[in-house]
């Protein structure tokens, strides 16, 4: 079973991605994926141009996914955009959060499992609001990969000072 921590690392979370349009967005995601997964940027761009359309989840979230040659395992990138883009979502809401999932060609079953794992986490309103409320990449990563932040919020709402973990 694939867990979100298998897909993401803190360096695969971007807290303020600049993109002027869809092509610019895909190029920036492909460049980041190239560095993070040690694959050619051109291979990622080519895979994205032939991939199915992104999943346009409600509330300004777009989930791009593609099969990329040269990968060993599924890899995800999640980014909050500096300025929302009009990507024609189902609810006509501008996209301010994007995710890119890239999977190896020889493990398509893993792609579906990873896609379901990522989509489940990104559908949670509490996770999305937490990601949108912070500018800190590490806090975004924590919200995406665990529920530890929920207990810290509960503690601070009851007057208990939550300690930062190193």
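Looking at segment 1-25 only, could you name the residues that are closer than 17 Å to residue 102 by Cα and surrounded by 13 or more Cβ atoms within 10 Å (Cβ to Cβ)? Listed by number, the residues that qualify are 2, 4, 6, 7, 8, 9, 12, 13, 14, 25. Among the residues of segment 31-41, the one identified as touching a strand residue (DSSP E or B) at 6+ places or on another chain (Cβ under 8 Å) and either surrounded by fewer than 11 Cβ atoms within 10 Å (Cβ to Cβ) or assigned to a loop (DSSP other than H, G, I, E, B) (or both) is 39. Only residues that are touching a residue at least 40 places away in the same chain (Cβ under 8 Å) and buried (at least 19 other Cβ atoms within 10 Å of the Cβ) were counted across segment 56-67, and they come to 4.
Select the strands (runs of 3 or more DSSP E) contained entirely in segment 51-119, then report the ones holding at least 3 residues which are modelled with pLDDT under 90. Hits in segment 51-119: 55-57. Looking at segment 42-49, can you tell me whether even one residue there is in a strand (DSSP E or B), within 23 Å of residue 10 (Cβ to Cβ) and under 16 Å from the mean Cα position of the chain (by Cα)? Taking every residue of segment 42-49 in turn, none turns out to be in a strand (DSSP E or B), within 23 Å of residue 10 (Cβ to Cβ) and under 16 Å from the mean Cα position of the chain (by Cα).
Per this entry, residue 20 is not counted among residues that are assigned to a loop (DSSP other than H, G, I, E, B), touching a strand residue (DSSP E or B) at 6+ places or on another chain (Cβ under 6 Å) and over 24 Å from residue 127 (Cβ atoms).
Tell me whether segment 127-136 contains one or more residues that are surrounded by 14 or more Cβ atoms within 10 Å (Cβ to Cβ) and touching a residue at least 60 places away in the same chain (Cβ under 8 Å). So far as segment 127-136 goes, yes, one or more of its residues are surrounded by 14 or more Cβ atoms within 10 Å (Cβ to Cβ) and touching a residue at least 60 places away in the same chain (Cβ under 8 Å).
The values are calculated or read from the model by the stated rules, or taken from the named source; none is laboratory data. Owing to the predicted nature of the structure, the values given are computational and were not obtained by experimental measurement. Don't worry about glycine lacking a Cβ; one is built from the backbone with ideal geometry, like all the others, and counts go over all protein chains shown.
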